[in-house]
1. Quickly run through segment 231-266 and pick out the residues that are within 23 Å of Q278 (Cβ to Cβ) and hydroxyl-bearing (S, T, Y).
2. Which of the residues spanning segment 65-116 are touching an Asp or Glu at 6+ places or on another chain (Cβ under 9 Å), in a helix (DSSP H, G or I) and under 16 Å from A137 (Cβ atoms)?
3. If I ask for residues that are of a type outside the set (A, V, I, L, M), in contact (Cβ under 8 Å) with a residue 12 or more places away in the chain and surrounded by 13 or more Cβ atoms within 10 Å (Cβ to Cβ), which ones from segment 94-110 would you list?
4. Those residues that are in contact with a Ser or Thr (Cβ under 7 Å, 6 or more places away or on another chain) and either at pLDDT below 95 or assigned to a strand (DSSP E or B) (or both), I need them from segment 452-469; list them, please.
5. Can you tell me which residue within segment 233-277, out of those that are free of Cβ contacts under 8 Å to residues at least 60 places away in the same chain and basic (K, R), is nearest to I468 (Cα to Cα)?
6. Looking at segment 262-311, which of its residues are more than 17 Å from the chain's Cα centre (by Cα) and small (G, A, S)?
7. Which of the numbered conditions does T91 fail, given that it passes all the others? Conditions: (1) hydroxyl-bearing (S, T, Y); (2) in contact with a helix residue (DSSP H, G or I) (Cβ under 7 Å, 6 or more places away or on another chain); (3) at pLDDT 95 or above.
8. Checking H411 against (1) at pLDDT 95 or above; (2) within 30 Å of A297 (Cβ to Cβ); (3) open to solvent by 30 Å² or more (accessible area, probe 1.4 Å), which single condition isn't satisfied?
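The values are calculated or read from the model by the stated rules, or taken from the named source; none is laboratory data. From a predicted model like this one, the values you see are computed outputs, not experimental measurements. For neighbour counting, all protein chains shown are included, and Cβ atoms are generated from backbone atoms with ideal geometry for every residue, glycine included. Ligands, DNA and RNA are excluded from the accessible area calculation, which covers all protein heavy atoms including side chains. Shrake-Rupley method; radii C 1.70, N 1.55, O 1.52, S 1.80 Å.
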Amino acid sequence: MGPVKRICCIGAGYVGGPTCSVIAQMCPEIAVTVVDVNEERIRAWNSDQLPIFEPGLQEVVEAQRGINLFFSTDIDKAVREADIIFISVNTPTKTFGLGKGRAADLKYIEACARRIAQVATGYKIVVEKSTVPVRAAESIQRIFNANTKSDLSFQVLSNPEFLAEGTAISDLKNPDRVLIGGDETPEGQRAIETLSSIYVRWVPKTRIITTNTWSSELSKLAANAFLAQRISSINSISALCEVTGADVEEVAHAIGTDQRIGNRFLKASVGFGGSCFQKDVLNLVYLCEALNLPEVARYWQQVIELNEYQRRRFAARIVSCLFNTVTDKKIALLGFAFKKDTGDTRESSSIHISKYLMDEGARLHIYDPKVKKEQIMQDLSHTTASAEDPERGLSLVSIASDPYEACDNAHAIVICTEWDIFKELDYGRIYQAMLKPAFIFDGRRILDSLHGRLQQLGFQVETIGKRISQRIPFTASTISQLDLQAPPLKKMKI
């Protein structure tokens, strides 16, 4: 195979769009085409209003679009012309059937493989970019082998993404590592070298790791599982801190200075969210179940259960402090994205906190600087309150145009996303407009430096992993009584 001239990426989402935009910028001699069946999404990529928010992405797209970066719905043409084809489609957790709630649904991956086999000619390198279970590449290869043509040959590689939303562009331009897995045959190794030749344009060769396909696929799941595990670990300590008088931030700093542990992902909060952590841990659980490793499956399942417990515990704390009822009380919920600097709400803790409060009858006024009203309403349309009475459920939700509007005449403020703007609000003005006693529940520990001033203003401040206010007692026994009907932790059926 000669020099790569054209790259096609199937899937114009959070992975495919940013990844290929950066490849186009770093490899100006290569034509990069991102394709998708969703016409509305492609129109957005070709407009001034990109379908996703990511710091720095707009500038990269505008610099390359129409030059060597193209967005199209003509999948067949892009596949036929490409030397390398990335598959970056969604792999959601199955919602029904075998493996429901844990296994990855690979229907979009399979559809891509069949489409490629149908229309492609010549030699193609097909690259898994989506998060997939171990041995998914083998399934793709089997589809190709079963649909072989005399003028067509493939090599399938695994090249998982390790992006963090909010820093995706910097992660792509300066990655910790690029992982490429392929067959250990001469043909597989040549394909690995071809893909490596793309990344080596801007990534030091020492950061490009090559493995067999299975190691690459498992490494992606394991990396996200380890990160999620760290978050659940520090969140478990935060619960202990709240009933002992310790401060989880001080504990995290103390253990994080140990070089064997490090200080990354030791930030206590209302729990992790996003498209990858929960999905990948559940995928790992299902894999262990399928391979008859029940002890390993239970270990990783506990990471998910602790995350759910943290969310319930925080919601229970809100109810407890508001005199054991939030029915018809206005609560300002600040932040709906799963983290700052993104508009992504997938598996956001804000959704779960909102659900618990809506089930208790609270009236939520939500503000997020990047999440659209339609997305918030869609995410909250599946709550218990909405399912039982759709009109009543969504009538509990209002979307505010600014944080001051959300807080006006509210009983409490709940911070669910760590947007920097929430550190800079005029809390004196907010306090004057709220009902008294006025509460702030800091689910992200972003107001630590303001606690003294907030209390001077008159706020009762409650935060994760630390006891601050003593005017209304809150104890471990209160949590258990008001755990919003939390189900007991059950042994998994293997």
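1. Passing the criteria: S232, S233, S236, S238.
2. I109
3. Hits for segment 94-110 are G99, R102, D105, Y108, E110.
4. Q460, V461, E462
5. R264
6. G262, A290, A297
7. Tallying (1) hydroxyl-bearing (S, T, Y); (2) in contact with a helix residue (DSSP H, G or I) (Cβ under 7 Å, 6 or more places away or on another chain); (3) at pLDDT 95 or above, T91 fails exactly one: (3).
8. H411 satisfies every listed condition except (2).
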